[in-house]
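Before anything else, here's the structure in question.
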Amino acid sequence: MLKKSLFLGECDTSVNHNMTEHYKYIEEEAKLSHSYVCNVTNFPSITHANFRVEEKIGGHCRGMESSVVTGIVFDCRVGDLRARTMKFIPFNLESLFPSLEMISIINCGLVQISPIDLRAFTNLKKLILDGNHLEVIDGEIFKFNRQLTHISLIGNDIYVVAPAIFDDLKLERFEMSGNVCTRRQFGSVNETI
């Protein structure tokens with residue numbers, strides 16, 4: 001039977017130091033707010049909806065534990081993750097990391113995101129889903145995530161965004177360049193609100 005585990009990298013109190021320029025402001029903000037971000041270094045490929053993560057493997061920084069993790073990063077551009085696919089957001093992350101305020105899934109092949117995927121993350125402030133294969137952003141997608149201040153959907157295949165989807169959010173930063181809808185209608189869009 002396939003073990004449904006997340007493997008955490010070396011402990012870090014900031015975001016992955018190998019991130020590109022685009023993510024450096026997140027790292028700086030994490031340092032200023034004393035956030036504790038975990039970088040996932042390995043996981044089984046997630047190719048079906050309702051995949052449930054059962055455990056995490058790997059240590060935390062001294063004096064830290066899963067309950068204080070405020071961010072989780074799946075960056076499939078680095079290390080062992082280059083061979084992994086995450087077509088759907090796995091369930092049960094909230095029980096392993098109950099204090100998540102940031103979820104980052106980069107270049108992992110994500111094809112779908114629904115309100116059910118994000119329902120447990122009512123304290124979510126940052127959602128970074130860059131370089132995946134998302135096509136549609138449903139109007140109900142953020143109905144459980146009213147604290148979102150940053151959404152990044154750069155480099156997906158998005159061609160439909162529901163009208164008024166962001167009306168109830170207090171976004172400070174929204175990025176969506178490199179999608180079908182932005183190339184076709186607007187050119188390159190990289191908007192800071």
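Rounded to two decimals, what ratio of Rg to Rh does segment 37-142 give with C-alpha atoms and a Kirkwood Rh?
Result for segment 37-142 is an Rg/Rh of 0.94.
Give the accessible area for H48 in Å² (nearest 10); use a 1.4 Å probe, count only protein heavy atoms, and leave out ligands, DNA and RNA.
Here the residue's solvent-accessible area equals roughly 90 Å².
Compute the length gained on full extension between V78 and Q147: take 0.36 nm times their separation in residues and subtract their Cα-Cα distance, giving the result in nm to one decimal.
Gain on stretching V78 to Q147: 21.9 nm.
Ordering Y159, Y36 by how much accessible area each has at a 1.4 Å probe, largest first, what is the list?
Largest accessible area first, the residues go Y159, Y36.
In segment 38-185, how many lysine pairs have Cα atoms under 18 Å apart, counting only pairs 8 or more places apart or on different chains?
Close lysine pairs under the 18 Å cut-off: 5.
With a 1.4 Å probe and every protein chain left in place, work out the accessible area per residue of segment 42-152 in Å², rounded to a whole number.
Value for segment 42-152: 42 Å² per residue.
Whenever you get a sec, compute what percent of the accessible area on segment 106-167 sits on carbon and sulfur atoms (1.4 Å probe).
Its accessible area is 49 percent carbon and sulfur atoms.
Continuing with this model, one more query. Compute the signed sum of charges (Lys and Arg +1, Asp and Glu -1) over the other residues within less than 10 Å, Cβ to Cβ, of T149.
Neighbour charge sum, excluding T149 itself: +2.
Set the Förster radius R0 to 30 Å, insert the Cβ-Cβ distance between N92 and E172 as r into 1/(1 + (r/R0)^6), and round the FRET efficiency to 0.05.
The pair N92/E172 has a calculated efficiency of 0.55.
Could you put T182, T85 in order of accessible surface area, largest first, with the 1.4 Å probe and the full protein assembly present?
Most to least solvent-accessible, the answer reads T85, T182.
The values are calculated or read from the model by the stated rules, or taken from the named source; none is laboratory data. Predicted, not measured: the structure shown is a model, and the values here were computed from it. In this analysis, Cβ positions are derived from the backbone assuming ideal geometry, glycine residues included, and neighbour counts consider all displayed protein chains. Surface areas here come from the heavy atoms of the whole protein model, side chains and all, with no ligands, DNA or RNA. Shrake-Rupley method; radii C 1.70, N 1.55, O 1.52, S 1.80 Å.
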